[in-house]
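Readers should treat all values here as calculations from the given coordinates under stated rules, not as data from a laboratory. This is a predicted model, so every value here is computed, not measured. All Cβ positions, even for glycine, are placed from backbone atoms using ideal geometry, and neighbour counts span all protein chains on display.
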Amino acid sequence: MTSKSMVPWRWGGLRRGKEEERTPDLFRRDMETLQQQMDRLFDQFWGGWREPWPLPEMWGTELLPSVDESEDDKAYHVKVDLPGMDQKDVEVTLADGMLTIKGEKKMEEEQKGKEFYRKERAFGSFRRTLAVPVEVEESKVYASFKNGVLSIDLPKSAEARKKIKQIPVEGR
């Protein structure tokens, strides 16, 4: 079977002569053959192992919180989305110009109804480490947690504020 014979627009009126008529049954058989060939290819590559990757169910965005970083002339600001978490589940540290946010997410959802009962849980931990691009006054760093959003304000040191130089932009 060639890939050219599987292209649907080549089936009907353009093909004339002794070639067999393409029917849905022939197409289905060709697709099953293609599937079997792909299965053999993957079996050869994976050595017969085709289970899903051994990653945790909560892999990806579920356990890696979104972070917004911004800066103004007085401070560096970080906001972290942590829906469903409490402030007691989060730890924030600042060391050697690196801001580390660690936490453990415990999600438990329960729904009851007349004819069903369901309870789902998800657990896992995360760790985000961000480089702080400016010198900050460590004694004045402030973190707050409200409505599932962790806000961290890192006031710039006097030296860092002096280093900011406004450069005029001219039009030509």
Per-residue counts of other Cβ atoms within 10 Å, averaged by peptide: what ranking do you get for 137-149, 94-106, highest first? 94-106, 137-149
Sequence-distant or interchain residues sharing an amide H contact under 5 Å with E71, placed H: which? H77
Among 160-171, 75-86, what's the highest-first ranking by average C-beta atoms within 10 angstrom per residue? 75-86, 160-171
Segment D72-Q87, length gained on full extension (0.36 nm per residue, minus Cα span): 2.8 nm
Give me a comma-separated list of calculated 3J(HN,Hα) values for the range 144-160, in order, Karplus coefficients 6.51, -1.76, 1.60 applied at θ = phi - 60°, integers in Hz, x for any Gly or Pro. 9, 10, 8, 6, x, 10, 8, 10, 10, 10, 10, x, 5, 6, 4, 4, 5
Could you derive backbone 3J(HN,Hα) for the range 72-79 from the dihedral phi with the Karplus parameters 6.51, -1.76 and 1.60 (θ = phi - 60°), listing whole Hz in sequence and x where the residue is Gly or Pro? 10, 6, 9, 7, 10, 10, 10, 10
Give the dimensionless ratio obtained when the Cα radius of gyration of the range 67-110 is divided by 2.2 N^0.38 Å. 1.44
